[in-house]
Ligand code: SF4
């Protein structure tokens, strides 16, 4: 709830709503009794009708040599989700999930393998960040790139952004929040109209519709022309450059002619391309492109005036790619 909604709930002045909001999101109180500057009558009233506390019960965490830590959380109804903490020079970043599973079925993704279990509530998305913050204090960024498609759980995603950036809570800069999408075009337009200047990261993974459809079923519904037009609208409206994620798959999307085609589409737009080496899942027929191919692909894009970087792989050896740890957990416990 926002502070105004809390004030309305208890039938009190707006400052009371802010006070309670500060306890929940700023100080992360785990009980209403901890809110010691709140009249006892209000605390008792809240206790009767509402719950407070951690929405993310840590089941397990594993840490790799580069400090990347993968968490497995249990939410309500025994829903299992995962989140990742990554350590960078500028501070820590949490990669949070917005859904348990995903219904969009991208061919290279572990999260999409068993479909969508359910959407997460805003409190459950905040819960992941707060649970990790208790162990890793310097969290300054959040990327919604864990399991799930954030824009397929649009209301929760937008509410999460507003809650975590609220001046009475965590005050996280909206520019430090990244929303990743596989390309739900109408929702990109909706998000642009919200005027929340978050970073938009679009999973492109191919320079044309045919190759993209092979990798991502969603491309059959939202063709690339419309998608790129929506992204330009987002950049115009928010003034933020759009990040295009491009997973490099050997022999599928990594030729130099595909690099040139991609450059032709993106040239002159407010954009940035991130090349990512394919994470080779056990039951996947594809292989990752070689380092040399990735470097040449990046050079071609940069040479054509499209800003491109090769993303550093973090979390080696701990199944840090989206969906992997959760799938291991579910497979283990369903055997
Ligand atoms: S890549 Fe994202 S949108 Fe695609 S299946 Fe995985 S979680 Fe869903």
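What follows is calculated from the coordinates using simple rules that are stated; it is not laboratory data. In this text, all values refer to a predicted model and were calculated from it rather than measured experimentally. Counting neighbours? That spans all protein chains shown, and the Cβs are built from the backbone with ideal geometry, glycine included.
What distance in nm separates the two pseudo spin-label positions at residue 4 and residue 267, each 7 Å out from Cα along the beta-carbon direction?
4.7
Relative to the longest principal Cα axis of the chain, at what angle does helix 185-194 sit, 0 to 90 degrees, rounded to 10?
Between helix and principal axis, roughly 50 degrees.
For helix 256-266, what angle does its Cα long axis make with the longest principal axis of the chain, in degrees from 0 to 90 and rounded to 10?
On a 0 to 90 degree scale, this one is about 50.
Report the extension gain between residue 190 and residue 103 in nm, rounded to one decimal, defined as 0.36 nm multiplied by the number of residues separating them, less their alpha carbon distance.
Length difference between fully extended and current span is 29.3 nm.
Report the far tail of the P(r) of the stretch 1-53, meaning the percent of Cα-Cα pairs longer than 17 Å.
22
Can you list, bin by bin at 20 Å, the percent of alpha carbon pairs in the chain, starting at 0?
30, 56, 13, 1
Less than 14 Å from a label point 7 Å out along the Cα-to-Cβ axis of residue 48: which backbone N atoms in the stretch 4-20 qualify, by residue?
What the label zone holds, given the 14 Å backbone N cut-off, is 10-11.
Going by C-beta contacts inside 10 Å, put 180, 173, 83, 147 in order with the fewest on the left.
Fewest-to-most Cβ neighbours within 10 Å comes out as 173, 180, 83, 147.
So if R0 is 56 Å, what FRET efficiency would residue 134 and residue 260 give, r being the distance between their Cβ atoms, rounded to the nearest 0.05?
0.70
Expressed as a whole number of Å, what is the distance separating the alpha-carbon centroids of the stretch 73-126 and the stretch 243-300?
Comparing the Cα centres of the stretch 243-300 and the stretch 73-126, I get a distance of 24 Å.
So how tilted is helix 122-135 from the main axis of the chain? Cα-based, degrees 0 to 90, rounded to 10.
Value to nearest ten degrees: 90.
Do the sum for the chain: with -39,500 (n - 2.57) for every DSSP H run of n ≥ 4, divided by all residues, what is the mean residue ellipticity at 222 nm, to the nearest 500 deg cm²/dmol?
-10500 deg cm²/dmol
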